[in-house]
Amino acid sequence: GNFGEKVACRYLRKHGYRIVKRNFVADNNEIDIIAESKDTLAFVEVKTRNQDAIFQSESRPAAAVDRKKQQKIIKAARVFLAFNPSDKKKQFDIIEVVVNQKDKRYCLAEIKHLKNTFNINTAFSIPKG
């Protein structure tokens, strides 16, 4: 949620990215964060999970970004690029934010940046016509 996205933005800035847009929506498809570095434009999906839930399910937060979710992100990215062309390398990233919840407050337990997680070549082969 919102806590995870704030943490992810802080992380990206610390690692040399500039946040271009948060919560970009196009045709009911959303991208959590669009960020750029010197040579890359990254479309970032943030997945936040409670540490206890991960231990119980034994699956990482990124596992929730299935093919259907990827296609929604790709569609939104295409719309964004139609209005904001860029010569930078494009990539789809996932940031996993793992939290502990103590007394109704979240504490960051882990953050993991998975770069270029789905196939960029097919994502940006926009059909002509």
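The table below gives the values:
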read-out	value
Cα-based Rg and Dmax for the chain, where Dmax is the largest Cα-Cα distance (Å)	15.1, 55
Partner lysines for Lys104 [C-alpha distance under 22 Å; skip if fewer than 8 residues away on the same chain]	Lys6, Lys47
Computed magnitude of the charge dipole of the chain (debye, nearest 20; Cβ of K, R +1, Cβ of D, E -1)	260 debye
Calculated FRET efficiency for the pair Asp27/Ala53, C-beta based, R₀ 25 Å, to 0.05	0.25
Rounded to 10°, Cα long-axis angle of helix 67-83 versus longest principal axis of the chain	50 degrees
Virtual paramagnetic centre 7 Å along Cα→Cβ of Ser37, amide N under 19 Å, in the stretch 79-99	86-97
Candidate aspartates and glutamates for bridging to Lys88, where Cα separation is under 12 Å - those fewer than 8 sequence places away on the same chain excluded	Glu36, Asp39
Radius of gyration, Dmax [the stretch 43-89; alpha carbons; angstrom]	14.6, 43
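Here, each number is a calculation from the coordinates, and none is a lab measurement. Quantities reported herein were computed from a predicted structural model and do not represent experimental measurements. Positions of Cβ are generated from backbone atoms using ideal geometry, with glycine treated the same way; all protein chains shown enter the neighbour counts.
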